[in-house]
Amino acid sequence: MSDADRSDTDRSDADRGDMDRGHAARTRQSYDTVAEAYASLTRDAVTEQPVLAAVLGMFAHLSRAAWQSDGPPPVLDIGCGPGHFAGHLDGLGLAVTGIDLSPGMIGIARRDHPGPRYAVGSMTALPCPDAAAIGALVSWSIIHVPDQQLDPVAGELRRVVQPGGIVAVGFHVGDRTNHRTEGYGGLPMDLDVHLRPVEVMSDLLQRHHFHIEATMLLDPGRATPGGVVLARRT
(Lines give C-alpha, C1' and ligand atoms only; values in the text may rest on other atoms or scores of the structure.)
Protein backbone atom coordinates (compact mmCIF):
# COMPACT_ATOMS: atom_id res chain seq x y z
CA MET A 1 0.00 0.00 0.00
CA SER A 2 1.41 3.40 -0.95
CA ASP A 3 1.60 6.35 1.48
CA ALA A 4 -1.12 8.09 -0.55
CA ASP A 5 -3.48 5.18 0.16
CA ARG A 6 -2.92 5.18 3.93
CA SER A 7 -5.13 7.09 6.32
CA ASP A 8 -3.66 9.13 9.18
CA THR A 9 -4.81 6.45 11.61
CA ASP A 10 -2.69 3.90 9.72
CA ARG A 11 0.47 5.96 9.92
CA SER A 12 3.22 5.18 12.41
CA ASP A 13 4.12 7.58 15.20
CA ALA A 14 7.26 8.51 13.23
CA ASP A 15 5.17 9.29 10.16
CA ARG A 16 2.83 11.51 12.17
CA GLY A 17 5.79 13.26 13.80
CA ASP A 18 7.24 14.07 10.37
CA MET A 19 3.86 15.40 9.23
CA ASP A 20 3.51 17.58 12.32
CA ARG A 21 7.02 19.00 11.94
CA GLY A 22 6.40 19.70 8.27
CA HIS A 23 3.11 21.41 9.08
CA ALA A 24 4.77 23.62 11.69
CA ALA A 25 7.61 24.55 9.33
CA ARG A 26 5.20 25.53 6.55
CA THR A 27 3.07 27.57 8.95
CA ARG A 28 6.11 29.35 10.38
CA GLN A 29 7.50 30.16 6.92
CA SER A 30 4.11 31.38 5.70
CA TYR A 31 3.69 33.83 8.56
CA ASP A 32 7.29 34.99 8.39
CA THR A 33 6.61 35.83 4.74
CA VAL A 34 3.43 37.84 5.35
CA ALA A 35 4.33 39.27 8.77
CA GLU A 36 4.65 42.94 7.79
CA ALA A 37 1.58 42.87 5.51
CA TYR A 38 -0.49 41.04 8.13
CA ALA A 39 0.52 43.51 10.85
CA SER A 40 -0.47 46.46 8.68
CA LEU A 41 -3.80 45.02 7.57
CA THR A 42 -4.88 44.00 11.09
CA ARG A 43 -3.46 46.97 13.02
CA ASP A 44 -6.89 48.46 13.83
CA ALA A 45 -8.77 45.18 14.35
CA VAL A 46 -9.59 45.83 18.01
CA THR A 47 -10.69 49.46 17.60
CA GLU A 48 -12.73 48.68 14.48
CA GLN A 49 -14.52 45.65 15.98
CA PRO A 50 -16.27 46.57 19.25
CA VAL A 51 -17.46 42.99 19.83
CA LEU A 52 -13.86 41.76 19.61
CA ALA A 53 -12.78 44.47 22.04
CA ALA A 54 -15.57 43.33 24.38
CA VAL A 55 -14.36 39.71 24.21
CA LEU A 56 -10.83 40.81 25.13
CA GLY A 57 -12.27 42.94 27.92
CA MET A 58 -14.22 39.96 29.25
CA PHE A 59 -11.09 37.82 29.20
CA ALA A 60 -9.19 40.54 31.08
CA HIS A 61 -11.98 40.94 33.65
CA LEU A 62 -12.22 37.20 34.33
CA SER A 63 -8.43 36.90 34.61
CA ARG A 64 -8.28 39.73 37.14
CA ALA A 65 -11.14 38.19 39.12
CA ALA A 66 -9.37 34.81 39.24
CA TRP A 67 -5.99 36.27 40.31
CA GLN A 68 -5.52 35.94 44.06
CA SER A 69 -2.10 37.60 44.41
CA ASP A 70 -0.65 41.10 44.27
CA GLY A 71 0.48 42.73 41.06
CA PRO A 72 -0.91 42.49 37.55
CA PRO A 73 -2.37 39.10 36.58
CA PRO A 74 0.01 37.07 34.35
CA VAL A 75 -1.64 35.96 31.10
CA LEU A 76 -0.49 34.40 27.84
CA ASP A 77 -1.42 35.44 24.31
CA ILE A 78 -0.75 32.21 22.43
CA GLY A 79 -0.35 32.74 18.70
CA CYS A 80 0.04 36.45 19.33
CA GLY A 81 1.10 37.37 15.78
CA PRO A 82 2.23 41.00 15.56
CA GLY A 83 1.10 41.71 19.11
CA HIS A 84 -2.08 43.73 18.55
CA PHE A 85 -4.09 41.78 21.14
CA ALA A 86 -1.12 41.50 23.52
CA GLY A 87 -0.66 45.26 23.40
CA HIS A 88 -4.36 45.81 24.06
CA LEU A 89 -4.34 43.45 27.05
CA ASP A 90 -1.19 45.15 28.36
CA GLY A 91 -3.13 48.42 28.25
CA LEU A 92 -5.86 46.78 30.35
CA GLY A 93 -3.37 46.16 33.15
CA LEU A 94 -2.40 42.53 32.56
CA ALA A 95 1.15 41.16 32.61
CA VAL A 96 1.16 39.67 29.12
CA THR A 97 3.53 37.19 27.51
CA GLY A 98 2.97 36.78 23.78
CA ILE A 99 4.01 33.52 22.13
CA ASP A 100 4.10 32.80 18.42
CA LEU A 101 5.58 30.19 16.11
CA SER A 102 6.81 32.88 13.69
CA PRO A 103 10.02 34.77 14.59
CA GLY A 104 8.99 37.41 12.05
CA MET A 105 5.74 38.05 13.90
CA ILE A 106 7.52 38.19 17.26
CA GLY A 107 9.98 40.74 15.89
CA ILE A 108 7.13 43.01 14.82
CA ALA A 109 5.32 42.54 18.14
CA ARG A 110 8.41 43.61 20.07
CA ARG A 111 8.80 46.64 17.83
CA ASP A 112 5.17 47.80 17.75
CA HIS A 113 3.94 46.72 21.19
CA PRO A 114 6.95 46.76 23.53
CA GLY A 115 5.01 46.48 26.80
CA PRO A 116 4.46 42.70 26.91
CA ARG A 117 7.13 40.03 26.95
CA TYR A 118 7.44 37.78 23.91
CA ALA A 119 8.82 34.37 23.02
CA VAL A 120 8.98 32.20 19.93
CA GLY A 121 7.30 28.88 20.62
CA SER A 122 4.79 26.22 19.64
CA MET A 123 1.34 25.65 21.11
CA THR A 124 2.19 21.97 21.52
CA ALA A 125 5.26 22.76 23.68
CA LEU A 126 4.77 26.17 25.26
CA PRO A 127 7.97 27.83 26.56
CA CYS A 128 6.43 28.36 30.01
CA PRO A 129 6.68 26.73 33.43
CA ASP A 130 3.74 24.85 34.89
CA ALA A 131 0.96 27.11 36.23
CA ALA A 132 2.70 30.16 34.77
CA ALA A 133 -0.47 32.15 34.06
CA ILE A 134 -3.92 32.88 35.39
CA GLY A 135 -5.26 33.24 31.85
CA ALA A 136 -4.49 32.16 28.30
CA LEU A 137 -5.86 33.72 25.14
CA VAL A 138 -5.67 31.54 22.02
CA SER A 139 -6.88 34.00 19.43
CA TRP A 140 -7.57 32.37 16.06
CA SER A 141 -4.18 30.67 16.03
CA ILE A 142 -5.69 27.25 16.73
CA ILE A 143 -7.14 27.30 13.19
CA HIS A 144 -3.72 26.13 11.95
CA VAL A 145 -3.49 23.18 14.36
CA PRO A 146 -4.32 19.81 12.72
CA ASP A 147 -6.83 17.53 14.40
CA GLN A 148 -4.21 15.12 15.76
CA GLN A 149 -2.52 18.00 17.62
CA LEU A 150 -5.62 19.46 19.32
CA ASP A 151 -5.35 17.28 22.42
CA PRO A 152 -1.66 18.12 22.97
CA VAL A 153 -2.54 21.82 22.67
CA ALA A 154 -5.35 21.50 25.22
CA GLY A 155 -3.01 19.55 27.49
CA GLU A 156 -0.48 22.38 27.33
CA LEU A 157 -3.19 24.90 28.19
CA ARG A 158 -4.08 22.87 31.27
CA ARG A 159 -0.40 22.64 32.21
CA VAL A 160 0.40 26.36 32.03
CA VAL A 161 -2.87 27.81 33.41
CA GLN A 162 -3.36 27.84 37.17
CA PRO A 163 -6.39 26.13 38.73
CA GLY A 164 -9.31 28.52 38.52
CA GLY A 165 -7.70 30.35 35.61
CA ILE A 166 -9.37 31.36 32.37
CA VAL A 167 -8.87 30.21 28.80
CA ALA A 168 -10.39 32.04 25.84
CA VAL A 169 -10.17 30.30 22.46
CA GLY A 170 -11.13 32.10 19.26
CA PHE A 171 -11.51 30.30 15.93
CA HIS A 172 -13.32 30.18 12.59
CA VAL A 173 -16.57 28.23 12.74
CA GLY A 174 -17.35 25.56 10.16
CA ASP A 175 -16.61 21.95 9.39
CA ARG A 176 -13.92 21.87 6.73
CA THR A 177 -10.24 22.50 6.05
CA ASN A 178 -9.05 25.03 3.48
CA HIS A 179 -5.54 25.09 2.06
CA ARG A 180 -4.18 28.58 1.61
CA THR A 181 -1.55 29.33 -1.01
CA GLU A 182 -1.75 33.13 -1.03
CA GLY A 183 -2.20 35.55 1.80
CA TYR A 184 -2.03 39.11 2.98
CA GLY A 185 -0.81 41.46 0.27
CA GLY A 186 -0.93 38.62 -2.28
CA LEU A 187 2.17 37.00 -0.78
CA PRO A 188 2.72 33.23 -1.01
CA MET A 189 1.57 31.00 1.84
CA ASP A 190 1.38 27.23 2.30
CA LEU A 191 -0.79 26.29 5.24
CA ASP A 192 -4.09 24.75 6.25
CA VAL A 193 -6.99 26.62 7.86
CA HIS A 194 -9.22 24.36 9.96
CA LEU A 195 -12.82 25.48 10.55
CA ARG A 196 -14.52 23.68 13.43
CA PRO A 197 -17.94 23.73 15.13
CA VAL A 198 -18.22 25.43 18.50
CA GLU A 199 -19.21 22.08 20.02
CA VAL A 200 -15.94 20.49 18.91
CA MET A 201 -13.88 23.18 20.63
CA SER A 202 -16.02 23.02 23.77
CA ASP A 203 -15.71 19.23 23.93
CA LEU A 204 -11.93 19.48 23.51
CA LEU A 205 -11.58 21.72 26.55
CA GLN A 206 -14.01 19.67 28.62
CA ARG A 207 -11.96 16.52 27.94
CA HIS A 208 -9.03 18.30 29.52
CA HIS A 209 -10.98 19.32 32.61
CA PHE A 210 -11.96 22.87 31.75
CA HIS A 211 -15.42 24.05 32.76
CA ILE A 212 -17.15 25.88 29.88
CA GLU A 213 -18.35 29.28 31.08
CA ALA A 214 -19.57 30.72 27.77
CA THR A 215 -19.64 30.11 24.04
CA MET A 216 -20.17 32.85 21.48
CA LEU A 217 -20.83 33.06 17.77
CA LEU A 218 -19.45 36.25 16.23
CA ASP A 219 -20.94 37.66 13.01
CA PRO A 220 -23.34 34.69 12.66
CA GLY A 221 -24.66 36.01 9.35
CA ARG A 222 -21.29 35.73 7.63
CA ALA A 223 -20.27 32.77 5.52
CA THR A 224 -17.53 32.02 8.06
CA PRO A 225 -18.54 33.19 11.55
CA GLY A 226 -16.11 33.53 14.41
CA GLY A 227 -16.42 31.42 17.52
CA VAL A 228 -15.18 31.98 21.07
CA VAL A 229 -15.15 29.53 23.95
CA LEU A 230 -14.46 30.83 27.46
CA ALA A 231 -13.52 28.13 29.95
CA ARG A 232 -12.16 27.85 33.47
CA ARG A 233 -9.47 25.38 34.51
CA THR A 234 -10.76 23.10 37.23
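Farthest towards the positive end of the charge dipole of the range 161-234, among the residues Gly226, Pro188, Val200, is the Cα of Val200, using unit charges on the Cβ of Lys, Arg, Asp and Glu. Of the accessible area of the chain, with the probe set at 1.4 angstrom, what percent is carbon plus sulfur? On the chain, the fraction of accessible area on carbon and sulfur atoms equals 52 percent.
With the whole protein complex present, Leu217 retains an accessible surface near 90 Å², based on a 1.4 Å probe. Take the chain with all the other protein chains still there, run a 1.4 Å probe, and you get 47 Å² of accessible area per residue. Across Met58, Met216, the residue with the most accessible area heads the list, and the full order at a 1.4 Å probe is Met58, Met216. Per residue, the chain reaches -12000 deg cm²/dmol at 222 nm when only DSSP H runs of four or more residues are counted, each adding -39500 (n - 2.57).
If R0 is 45 Å, what FRET efficiency do you get for Ala131 and Glu182 from their C-beta distance, rounded to 0.05? Computed FRET efficiency for Ala131 and Glu182 comes out at 0.65.
Dipole check for the range 153-234: with +1 at the C-beta of Lys and Arg, -1 at the C-beta of Asp and Glu, and the Cα centre as origin, the magnitude is about 300 Debye. Over the chain, Cα pairs under 8 Å with separation of 6+ residues give a relative contact order of 18 percent.
Dipole orientation for the chain: of the candidates Ile106, Gly83, Pro116, Pro116 has the Cα lying most toward the positive pole (charges on Cβ; Lys, Arg +1; Asp, Glu -1). Please work out how much accessible surface Asp70 shows to a 1.4 Å probe, ignoring ligands, DNA and RNA, in Å² rounded to 10. Accessible area, nearest 10 Å²: 140 Å². Here Leu218 sits with roughly 20 square angstrom of accessible surface, probe radius 1.4 Å. Rounded to the nearest 20 debye, the dipole magnitude of the chain is 560 debye, with +1 charges on Lys and Arg beta carbons, -1 on Asp and Glu beta carbons, and the Cα centre as origin.
The values are calculated or read from the model by the stated rules, or taken from the named source; none is laboratory data. The shown structure was predicted, so the numbers you read here are calculated from the model rather than taken from an experiment. Every residue, glycine as well, gets a Cβ built from its backbone with ideal geometry; the counts of neighbours run over all protein chains shown. Just so you know, the surface numbers come from the protein's heavy atoms only, side chains and all, with ligands and any DNA or RNA stripped out. Shrake-Rupley method; radii C 1.70, N 1.55, O 1.52, S 1.80 Å.
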